[in-house]
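Everything below concerns the one structure shown next.
The values are calculated or read from the model by the stated rules, or taken from the named source; none is laboratory data. The model shown is predicted, which means the values in this text are computed figures rather than measured ones. Don't worry about glycine lacking a Cβ; one is built from the backbone with ideal geometry, like all the others, and counts go over all protein chains shown. The accessibility values were calculated without ligands, DNA or RNA, using every heavy atom of the protein model including side chains. Shrake-Rupley method; radii C 1.70, N 1.55, O 1.52, S 1.80 Å.
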Amino acid sequence: MKKLLLSVLMPALLAVGVIAKDNYEKKVAQNGEILKLMKEELSKGIPKKIDPYTTLVAVDVEGLTLVSTYEINTGVKSDESVRKNDMPRMRNAIINGECKRSKIHFENGMGIEYRYKNANTKKDIFSIKIKLKECEKFYL
């Protein structure tokens, strides 16, 4: 009886697995297209001055993550000072805003990353990566 049940159910279970994989691949492809369109739209007018210290210089897509690169005019502050004193405040504000604004993207497996570089040296200062796990507290 068990063998008969398995012989009947196994093809159905395999078919469900194939359909699930096919649906997942379609969703990933669709999300990639959405991110590509977002990149095109956000890239218009680059470089784009955000505030007196920050300029958006690039928007890219890496996998299922939209990556925005900014240059910061740090003035007399060192990169280490910016990482230590400014990054935590910026991180909280960015995550708070993106979690509220981009919920559907995170729920569909997409991510957002903000990269900051020194405007003078072009060296990386820090990055902020946001995925669903960073936003879960907002969605309870």
| How about LYS26: which lysines have a C-alpha closer than 16 Å to its C-alpha, ignoring those fewer than 8 places off in the same chain? | LYS36
| Taking the Cβ of VAL59 as the center, what net charge do the other residues with Cβ under 12 Å away carry, scoring Lys and Arg +1 and Asp and Glu -1? | 0
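Quantify, in whole percent, the carbon and sulfur part of the accessible surface of the chain (1.4 Å probe; protein heavy atoms only). Intermediate results must be reported in sequence, preceding the final value.
Values: 5720 of 9570 Å².
Ligands and nucleic acids excluded, carbon and sulfur reach 60 percent.
Rolling a 1.4 angstrom probe over the protein heavy atoms, how many square angstrom per residue are accessible across the range 98-140?
Numbers: 2670 Å² over 43 residues.
For the range 98-140, the per-residue accessible area is 62 Å².
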| query | Computed FRET efficiency, Cβ-Cβ of LYS39 and ASN96, R0 25 Å: what is it to the nearest 0.05? | reply | 0.60
| field | Convex hull volume per residue in cubic angstrom - Cα atoms of the chain | value | 145 Å³
| said: Using a Cα-Cα cut-off of under 13 Å, which aspartates and glutamates could be cross-linked to LYS49, ignoring same-chain neighbours fewer than 8 residues away? | reply: GLU71
| field | Helix-derived mean residue ellipticity, 222 nm - over the chain, DSSP H n ≥ 4, -39500 (n - 2.57), to 500 | value | -15500 deg cm²/dmol
| request: Kindly flag which residue pairs out of LYS48/LYS129; LYS44/LYS77; LYS100/LYS133; LYS48/LYS133; LYS84/LYS133 have an alpha-carbon separation exceeding 25 Å in this structure. | output: LYS44/LYS77; LYS48/LYS133
